[in-house]
Amino acid sequence: MKKSLLIPLIPVAAVLALVMSHSCANTTTPPTGGPKDTIPPLIVKIDPLPGSVNVPVHDAKVVFTFNEYVTVKDPKSIVLSPPQKKAPKYKMKGKSLVVYFEEDLKDNTCYTIDLTNAIADNNEGNMFPGYVTTFSTGSKIDSMMVTGLVQDYKTLNPMKGATVLIFKDQSDSAIFKGSPDAAVKTDDWGFFCIRNIKDTVYRLYALRDENNDNKYDPESEAVAFMSSTIRPVTKMNDSIPELLKYDMKDTLLCRARKTEYELTTFRGKPSKQMIVNKVRLADRSAYITFMAPGADVDSLWIDNINPKRIITQFDPLRDSLELWVNDQRKMPDTLHLNVRYMKTDSTQAMIRTVEKVPLVAEKKSGAAKSSKKNLKHEDTTCVIKTVAQPETVEQNGITMEVQYPLVVAFFDSLQFKFTNPRQQEFKAKFTVTRDRYNLRLYTIRPDVTFKPGFDYLLKIPERVFMDVNGHYNDSSEVKFSLPKDEDLSLLKLVVKGTGGTDYIVDLLDEGRQKTLRSYRIDSDRTLMFPYLKAGLYSIRITEDPNNNGLIDTGDLLSHRQPEKVLFYKIKDKSLIDVLEKTELEQTVNLHELFDK
């Protein structure tokens with residue numbers, strides 16, 4: 001394996017010697033017909049030298065001289081720590097990059113400038129791997145450091161480009177003020193190293209800093225925080241690998257770096273509550289969205305519509321409300337909705353308010369407006385989507401979702417049949433339940449045990465359902481059987497140590513983007529994940545103390561972390577390799593896993 005350590009903490013003279021050994025390959029204009037220049041630029045001089053003290057606070061500048069002509073690819077990647085209100089400025093002077101500041105530096109402060117991902121050579125665009133230089137406006141260089149990892153709270157995937165900040169100020173308001181004592185960006189692996197800091201107590205945060213102001217905006221940004229204060233325990237020296245710059249493609253070396261802290265980012269609850277969006281979906285349907293979850297709606301009504309004719313439904317977070325009008329009369333171009341709810345006023349207080357919300361129908365072209373010939377069949381039909389996923393039908397049943405809420409429903413008219421391998425046909429009873437959060441979604445569970453080799457059929461006759469538009473359904477049917485592929489595999493997860501706590505256990509694909517199967521449990525049991533193709537999978541386990549089936553976010557001001565999410569690991573690897581035609585059994589003790 002080729003190592004890819006780049007520009008470690010060595011004196012500039014040593015860097016110069018390294019540069020000179022490659023100087024023939026870094027000319028400004030390579031010889032015609034010669035090999036392509038693939039060597040990144042190198043620093044040959046820094047002024048002031050790394051580790052300089054008593055640097056003037058006024059009109060300070062740092063000059064980086066390279067062995068070839070370079071350009072600044074990303075000015076935002078020239079990072080000064082601790083940061084100023086205005087980002088560092090730069091100009092090119094020959095082969096030198098001059099970094100200067102529009103504000104005076106602070107007295108007796110140790111600064112670092114990081115050039116990672118900022119510089120490339122002029123000819124081939126070879127990226128300069130990065131370098132961190134240190135100087136102080138006082139009489140000494142601070143020598144402590146901390147390392148860590150920033151990750152997303154749902155997927156635990158590393159968060160690239162997050163801003164990590166530390167504050168000596170212990171107050172909750174510090175992160176909102178934007179005056180950190182140090183700030184760095186995470187690399188492709190979510191890794192960070194805050195270096196050259198004092199030996200004292202700090203608050204540690206991470207932000208998805210959308211506007212690069214080093215302040216937390218709860219309305220638009222994700223945040224992470226350590227529940228307790230931290231104090232650096234590691235003193236810097238040239239042998240510490242975490243201080244080096246790595247090729248981000250070097251997986252082995254990047255993952256080998258030690259991390260002292262793990263920060264999990266989440267989107268907190270906005271501090272204000274108001275209606276922020278409104279959409280008229282069709283003549284009799286619309287939705288409104290709120291800025292914050294947990295909307296407290298006392299009542300709502302539509303002018304000139306009988307309130308009993310209005311059907312409403314909140315989403316699980318109560319930040320989006322759908323509504324339908326169960327009235328077949330011609331609807332006006334604008335429905336005047338009135339919502340009585342708790343809204344944030346100009347003094348930031350929550351008051352009961354009646355807000356008028358106009359729901360305007362989308363304007364149609366003249367041809368579409370005047371001619372019924374433009375109507376599609378689904379425009380005059382109760383549209384039904386019925387799904388029986390062979391891999392999950394045993395657990396999830398058959399799902400039936402309608403486009404608009406039903407006002408007439410004869411579920412007894414549905415027929416469920418199955419045929420055994422001898423082609424003998426049988427009928428079976430079934431139960432129907434409506435979803436807790438989606439009143440248009442139903443689950444149909446036949447009173448049979450599904451078996452391999454059997455064929456199953458659900459038949460929906462025509463005109464057994466009518467929706468709020470007065471439209472009836474067409475006849476339809478869904479056929480299914482259990483998967484027959486002999487190459488499929490089974491994963492069994494023996495879960496112990498639940499202790500009466502509620503958990504959500506999800507099987508995810510390799511990229512952790514798709515949930516293939518999910519369980520909610522509150523006791524020890526064996527979970528079955530059948531019909532798996534050969535490949536890599538992840539098992540995500542979430543503590544769910546409020547038993548709402550959601551991965552709840554955290555809250556910074558109340559010091560509440562998001563619900564804890566962990567991935568089951570085999571030999572420190574969170575990806576489970578499932579081979580063809582195998583039955584793999586694993587055991588996890590949740591008490592031990594979450595108490596580590």
> Name the pairs: first residue in the range 63-79 and over 19 Å from T134 (Cα atoms) and surrounded by fewer than 21 Cβ atoms within 10 Å (Cβ to Cβ), second residue hydroxyl-bearing (S, T, Y) and at pLDDT below 95, Cβ to Cβ under 6 Å, at least 6 apart or on different chains?
Replying inline: Y69/T28
>> Restricting to the range 116-165, count the residues that are among the hydrophobic types (A, V, I, L, M, F, W, C) and not in a loop (DSSP other than H, G, I, E, B).
In response: 12
>> Can you find a residue that is surrounded by 22 or more Cβ atoms within 10 Å (Cβ to Cβ), out of contact with any Gly (no Cβ under 6 Å at 6 or more places or on another chain) and in a loop (DSSP other than H, G, I, E, B) anywhere in the range 191-208?
In response: no
>> It is to be established whether one or more residues within the range 526-548 are in a loop (DSSP other than H, G, I, E, B) and surrounded by 18 or more Cβ atoms within 10 Å (Cβ to Cβ).
In response: yes
> Quick one: how many residues across the range 452-482 are part of a loop (DSSP other than H, G, I, E, B), touching a residue at least 24 places away in the same chain (Cβ under 8 Å) and exposed (fewer than 13 other Cβ atoms within 10 Å of the Cβ)?
Replying inline: 2
> Does the range 552-572 contain at least one residue that is modelled with pLDDT under 95, in the same structural domain as G500 (by TED's automatic domain parsing), farther than 30 Å from S228 by Cβ and among the charged types (D, E, K, R)?
Replying inline: yes
> (1) within 27 Å of A162 (Cα to Cα); (2) surrounded by 16 or more Cβ atoms within 10 Å (Cβ to Cβ): which one isn't true of A256, the others all being true?
Replying inline: (2)
>> Please go through (1) buried (at least 17 other Cβ atoms within 10 Å of the Cβ); (2) among the aromatic types (F, W, Y); (3) free of Cβ contacts under 8 Å to residues at least 60 places away in the same chain for Y153 and return the number of the only condition it doesn't satisfy.
In response: (3)
> Within the range 35-92, how many residues are part of a strand (DSSP E or B), closer than 16 Å to I119 by Cα and not aliphatic (A, V, I, L, M)?
Replying inline: 8
> For the range 429-450, which residues satisfy the criterion of being surrounded by fewer than 13 Cβ atoms within 10 Å (Cβ to Cβ) and over 16 Å from E401 (Cβ atoms)?
Replying inline: K429, T431, D447, T449
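What are the residues in the range 580-596 that are outside any helix (DSSP H, G or I) and touching a residue at least 60 places away in the same chain (Cβ under 8 Å), if any?
E580, K581, T582, E583, L584, E585, Q586, T587, V588, N589
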>> Condition first: more than 18 Å from the chain's Cα centre (by Cα) and either in contact (Cβ under 8 Å) with a residue 60 or more places away in the chain or within 15 Å of I576 (Cβ to Cβ) (or both). Now tell me which residues in the range 501-515 satisfy that.
In response: T501, Y503, V505
> Could you list, in sequence order, the residues of the range 132-191 that are within 20 Å of K106 (Cβ to Cβ) and aromatic (F, W, Y)?
Replying inline: F135, F167
> Name the residues in the range 286-311 that are in contact (Cβ under 8 Å) with a residue 24 or more places away in the chain and aliphatic (A, V, I, L, M), would you?
Replying inline: A286, I288, M291, A292, A295, V297, L300, I302, I305, I311
>> So T289 passes all but one of these: (1) over 24 Å from Y216 (Cβ atoms); (2) surrounded by fewer than 17 Cβ atoms within 10 Å (Cβ to Cβ). Which condition number does it fail?
In response: (1)
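The values are calculated or read from the model by the stated rules, or taken from the named source; none is laboratory data. It should be emphasised that the depicted structure is a prediction, and the values quoted were computed from it without experimental measurement. Don't worry about glycine lacking a Cβ; one is built from the backbone with ideal geometry, like all the others, and counts go over all protein chains shown.
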